Amino acid sequence: MKLVVGLGNPGRRYQDTRHNVGFAVVAELARRHGGSRPKTVFQGELVEATIGGQRVLLLAPQTFMNNSGSSVLATRDFYKLNLDDLLIVCDDFSLPAGKLRIRSKGSAGGQKGLDDIIRVLGDDAVPRLRLGIGPLPPGWDAAGFVLSKFSKDEAAIIEPTIVRAADAAADWVAQGMQYCMNTYN
């Protein structure tokens, strides 16, 4: 079994913001592969799906971005998953809009949701898929930028990126990390 976690902030206020691209990827995977209706468990919304014949859990923590670790830990522990069975999907303003980067481990790189997950799990060997939403424009603070919505021109870049990221997550389940790193980075 695999667990794909899309990071974001709950509520209408944050819907369609840059910080919520992780939620959008999980929603796309659920639309394509989901069989169950979302359940509210482990401080998140959980959908069971089947990808490539494998059972996959799709989690959207509802704890707000910076506290995502508790939801991920509870889900991981309940299903007795190894760290390499998790994939965290999140935004990254250090990457240009439209770029994907998948890695098996590493630092949080300033992404506070990923940082909380690493802190709570006690290990940085957590696979992650980052979606570029950058660059951070001059004069913008990071929090204001990630909580803003995409312009029409940016949305034209991000919408296919969300689809590609869902492809990458599905390939991670079916083909593994090395295949995804070679294909999507």
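The table that follows gives values for the structure above.
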quantity	calculated
Accessible surface, 1.4 Å probe, highest first, among residues Ser94, Ser36	Ser94, Ser36
Lysines with Cα under 23 Å of Lys39, excluding same-chain neighbours fewer than 8 positions away	Lys2, Lys80
Two-site label geometry, Gln175 and Leu83: point separation in nm, points 7 Å out along Cα→Cβ	2.5 nm
Relative packing of peptides 114-124, 72-82 - highest average C-beta neighbours within 10 Å first	114-124, 72-82
Heavy-atom accessible area per residue - the chain, 1.4 Å, Å²	47 Å²
Stretch gain in nm, segment Thr183-Ala143, where the contour uses 0.36 nm per residue and the Cα spacing is subtracted	11.3 nm
Spherically averaged projected area in nm², based on the convex hull that wraps the Cα atoms of the stretch 45-160	7.9 nm²
Hits among aspartates and glutamates - C-alpha to C-alpha of Lys149 under 20 Å, sequence gap 8 or more where chains match	Asp16, Glu28, Asp91, Asp92, Asp141, Glu159
Spin-label pair Ser107/Thr40, simplified geometry with 7 Å Cα→Cβ offset, distance in nm	3.8 nm
Accessible surface of the chain [probe 1.4 Å, protein heavy atoms]: carbon and sulfur percent	50 percent
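The values are calculated or read from the model by the stated rules, or taken from the named source; none is laboratory data. All figures in this text were calculated on a predicted structure; none of them were measured in a lab. Cβ coordinates were reconstructed from backbone atoms using ideal geometry, including for glycine residues, and neighbour counts include every protein chain displayed. For accessibility, only protein heavy atoms count, side chains too; no ligands or nucleic acids. Shrake-Rupley method; radii C 1.70, N 1.55, O 1.52, S 1.80 Å.
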